[in-house]
Amino acid sequence: MKTLKQIISVILLLAFLMSTVFNILFLFNKIGEVMLQVGLVILILVAFLISVLGIIIKKIKKDDRVRINVITPAQELGILYTGMLIIWAVTYFIAVIFK
């Protein structure tokens, strides 16, 4: 299960990275608004798939609840994960508010 959590954490990190790149490119007028929205949709889709995976694991294990904590394995990535979340949030809100 620890390996699965690490894989999920890296996938989520990559989704944030991709969305951050789209945000930055949009701020520098290199891509259009559609690509900005595509980045957000992909990020939401990844989060949705992680949730579906949690439901599937819950059904397989026949437990009442299953937690897939993606932050705990990300501690091994340390400041990179937290920094990516902060950069994504800042660039996304700057793109939404000022563009």
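The values are calculated or read from the model by the stated rules, or taken from the named source; none is laboratory data. These numbers come from a predicted model, not from an experiment. Quick reminder, even Gly has a Cβ in these numbers, built from the backbone with ideal geometry, and neighbours come from all protein chains shown. Please note that ligands, DNA and RNA were not included when accessible areas were found on the heavy atoms of the full protein model with its side chains. Shrake-Rupley method; radii C 1.70, N 1.55, O 1.52, S 1.80 Å.
Counting only residues that are in contact with a helix residue (DSSP H, G or I) (Cβ under 6 Å, 6 or more places away or on another chain), of a type in the set (D, E, K, R) and surrounded by fewer than 16 Cβ atoms within 10 Å (Cβ to Cβ), how many does region 1-42 have?
Residues flagged as in contact with a helix residue (DSSP H, G or I) (Cβ under 6 Å, 6 or more places away or on another chain), of a type in the set (D, E, K, R) and surrounded by fewer than 16 Cβ atoms within 10 Å (Cβ to Cβ) within region 1-42 amount to 0.
Give me the residue from region 29-42 that is closer than 11 Å to SER19 by Cα and touching a residue at least 40 places away in the same chain (Cβ under 8 Å) and, out of that set, farthest from the chain's Cα centre (by Cα). First the steps, then the outcome.
Here is the first cut: in region 29-42, the residues closer than 11 Å to SER19 by Cα are 35-42.
After this cut, where a residue has to be touching a residue at least 40 places away in the same chain (Cβ under 8 Å) as well, the list is 36, 40.
Working: LEU36: 15, LEU40: 9 Å.
Here the residue is LEU36.
Taking ILE55, is it under 10 Å from the mean Cα position of the chain (by Cα) and open to solvent by 40 Å² or more (accessible area, probe 1.4 Å)? Spell out the reasoning first.
Numbers: under 10 Å from the mean Cα position of the chain (by Cα): no; open to solvent by 40 Å² or more (accessible area, probe 1.4 Å): yes.
So ILE55 fails the test.
If we scan region 68-81, do we find a residue that is within 24 Å of ILE94 (Cβ to Cβ), at pLDDT 80 or above, part of a helix (DSSP H, G or I) and open to solvent by less than 30 Å² (accessible area, probe 1.4 Å)?
Scanning region 68-81 turns up no residue that is within 24 Å of ILE94 (Cβ to Cβ), at pLDDT 80 or above, part of a helix (DSSP H, G or I) and open to solvent by less than 30 Å² (accessible area, probe 1.4 Å).
Based on this model, can you work out whether ILE60 counts as open to solvent by 80 Å² or more (accessible area, probe 1.4 Å), at pLDDT below 85 and of a type in the set (Val, Ile, Thr)? Spell out how you get there, then give the answer.
Working: open to solvent by 80 Å² or more (accessible area, probe 1.4 Å): yes; at pLDDT below 85: yes; of a type in the set (Val, Ile, Thr): yes.
Considered against the rule, which asks whether it is open to solvent by 80 Å² or more (accessible area, probe 1.4 Å), at pLDDT below 85 and of a type in the set (Val, Ile, Thr), ILE60 comes out as yes.
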